[in-house]
Amino acid sequence: MSTRGLPAGRLVSLDAFRGLTIAGMILVNNPGSWSWVYPPMRHAEWHGWTPTDLVFPFFLFIVGVAMAFSFARRQEAGADRRALHRKILTRTLLIFGIGLFLNAFPRFDLGSVRVYGVLQRIALVYLFAALITVRTTTRQRAWTIGGLLVGYWVLLMLVPVPGYGAGNLTPEGNLGAFLDRLLLEGHLWRAGWDPEGLLSTIPAVATALLGVLTGEMLRAGGDGDRLTARMFVYGWLGILAGLAWGWVFPINKGLWTSSYVLFTAGAALQFLGVCYWLIDVRGRHGWARPAVALGMNPLAVFALSILVVKIVTRIRVPLGGGSTSLYAWVYRSLFVPWLGPLNGSLGFAIAYLLLWWGVAELLYRKRIFLKV
């Protein structure tokens with residue numbers, strides 16, 4: 001990680017959108033108890049979607065938008081392709097390594113550690129989307145997105161899986177799960193499959209590339225109201241295309257289906273459009289300050305929030321003649337008595353989010369930005 005000052009001329013709406021997304025990630029990942037969670041804060045059981053299923057693709061979309069700006073700045077500053085490649089590889093290894101460390105902590109049992117994960121997916125998506133971005137034109141990137149989405153659909157629907165046949169979209173019977181078992185059996189999220197598996201990285205790269213196209217549209221500039229309108233039109237087209245494709249290739253976060261890519265990218269465009277219009281077009285920044293603070297140190301805050309949970313869930317404290325984790329003790333002792341188990345679980349998640357917003361705000365005020 002490194003620290004540096006805030007660059008001038010940033011797209012503040014993108015920072016706010018990123019911060020809101022990180023807030024969503026922390027909120028849905030840290031209920032007081034997984035037995036007490038409101039349905040919208042859970043992932044869909046399999047096919048379909050909930051608001052929680054929008055959070056991760058939103059972040060990858062944002063990665064793509066930011067990529068369009070950062071690479072353009074580096075190229076304008078004179079960076080050649082080799083220098084960009086080194087930067088891309090270094091950042092990929094760092095993010096992937098942090099994710100692997102968090103999965104292994106604290107036991108570091110290399111025989112069973114989960115290899116995939118959220119940060120690992122971010123790293124791989126960044127790697128492939130970045131390499132494609134620096135080596136292709138806008139038109140070529142658009143064709144690449146189409147090829148990735150159609151190609152993934154063809155693979156999952158037409159390639160037979162031993163014991164399951166072709167077109168099986170169950171957690172264990174799909175082609176991606178088969179490949180993950182073949183390559184990393186014993187190192188997956190669950191026995192038999194992993195929601196951040198290798199094959200579904202293909203359409204996830206398309207999510208980031210759709211963000212790149214959006215970033216290029218914003219970089220081109222123009223009338224703010226017209227740009228906002230374009231984002232809403234393209235957003236609706238993405239949502240409708242995703243819903244239509246979902247009739248034959250269901251919207252599914254676990255498989256990261258092509259319909260899911262179009263649907264969530266369309267929703268991300270709508271959300272970014274709102275932020276862009278309010279903040280960068282109309283100049284209404286005040287409401288977004290907390291989100292911007294989170295958005296300036298996103299991966300650092302997210303990774304540290306995971307690490308702290310792993311630590312406090314392993315600290316034992318006495319409770320009712322026995323013992324429980326410090327995490328569970330705080331929930332049961334400080335939130336359940338006055339909010340009940342369900343609202344207390346949500347209250348715990350909100351309090352944990354506020355804790356990390358406080359950390360992010362402190363870093364923001366001191367102009368410390370930890371770049372992962």
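Could you please let me know if Trp247 is surrounded by 20 or more Cβ atoms within 10 Å (Cβ to Cβ), over 15 Å from the mean Cα position of the chain (by Cα) and among the aromatic types (Phe, Trp, Tyr)? Can you show your working first?
On the way: surrounded by 20 or more Cβ atoms within 10 Å (Cβ to Cβ): no; over 15 Å from the mean Cα position of the chain (by Cα): yes; among the aromatic types (Phe, Trp, Tyr): yes.
The answer is no for Trp247.
Which residue out of Thr136, Thr144 is touching a helix residue (DSSP H, G or I) at 6+ places or on another chain (Cβ under 7 Å), at pLDDT below 95 and closer than 30 Å to Phe71 by Cβ? Write out each step before concluding.
Details: Thr144 fails: at pLDDT below 95.
After applying the criteria, what remains is Thr136.
So, His43, is that one in contact with a Ser or Thr (Cβ under 6 Å, 6 or more places away or on another chain), more than 20 Å from Lys310 (Cβ to Cβ) and surrounded by fewer than 22 Cβ atoms within 10 Å (Cβ to Cβ) or not? Show your work before the answer.
Numbers: in contact with a Ser or Thr (Cβ under 6 Å, 6 or more places away or on another chain): yes; more than 20 Å from Lys310 (Cβ to Cβ): yes; surrounded by fewer than 22 Cβ atoms within 10 Å (Cβ to Cβ): yes.
So His43 passes the test.
Name the residue, out of Val63, Val55, Val37, that is touching a residue at least 24 places away in the same chain (Cβ under 8 Å) and more than 24 Å from Leu209 (Cα to Cα). If you could, list the steps in order and put the result at the bottom.
Details: Val63 fails: more than 24 Å from Leu209 (Cα to Cα); Val55 fails: more than 24 Å from Leu209 (Cα to Cα).
Answer to the check: Val37.
Return the only residue of Gly224, Gly192, Gly211 being without any contact (Cβ under 8 Å) to a residue 24 or more places away in the chain and of a type in the set (Gly, Ala, Ser).
Working: Gly224 fails: without any contact (Cβ under 8 Å) to a residue 24 or more places away in the chain; Gly211 fails: without any contact (Cβ under 8 Å) to a residue 24 or more places away in the chain.
Going through Gly224, Gly192, Gly211 in turn, the sole match is Gly192.
Show the residue pairs that are 6+ apart or on different chains and have beta-carbon atoms under 8 Å apart, the first residue being within region 84-98 and free of Cβ contacts under 8 Å to residues at least 24 places away in the same chain and in a helix (DSSP H, G or I), the second being surrounded by fewer than 16 Cβ atoms within 10 Å (Cβ to Cβ) and not hydrophobic (A, V, I, L, M, F, W, C).
The qualifying pairs are Lys87/Arg74.
Taking only region 3-34 into account, find how many residues are modelled with pLDDT under 95, out of contact with any Leu (no Cβ under 7 Å at 6 or more places or on another chain) and either farther than 26 Å from Gly215 by Cβ or not in a helix (DSSP H, G or I) (or both).
Residues in region 3-34 being modelled with pLDDT under 95, out of contact with any Leu (no Cβ under 7 Å at 6 or more places or on another chain) and either farther than 26 Å from Gly215 by Cβ or not in a helix (DSSP H, G or I) (or both): 7 in total.
(1) surrounded by fewer than 15 Cβ atoms within 10 Å (Cβ to Cβ); (2) modelled with pLDDT of 95 or more: which one isn't true of Gln75, the others all being true?
(2)
Just to be sure, is Val330 of a type in the set (A, V, I, L, M, F, W, C) and either touching a Pro at 6+ places or on another chain (Cβ under 6 Å) or under 24 Å from Phe59 (Cα atoms) (or both)? Before the answer, list the steps.
Details: of a type in the set (A, V, I, L, M, F, W, C): yes; either touching a Pro at 6+ places or on another chain (Cβ under 6 Å) or under 24 Å from Phe59 (Cα atoms) (or both): no.
No; evaluated as a whole, the condition is false for this residue.
The values are calculated or read from the model by the stated rules, or taken from the named source; none is laboratory data. What you see is a predicted model; the values in this text were computed from it and never measured. So basically every Cβ, Gly included, is an ideal-geometry build from the backbone, and we count neighbours across all protein chains shown.
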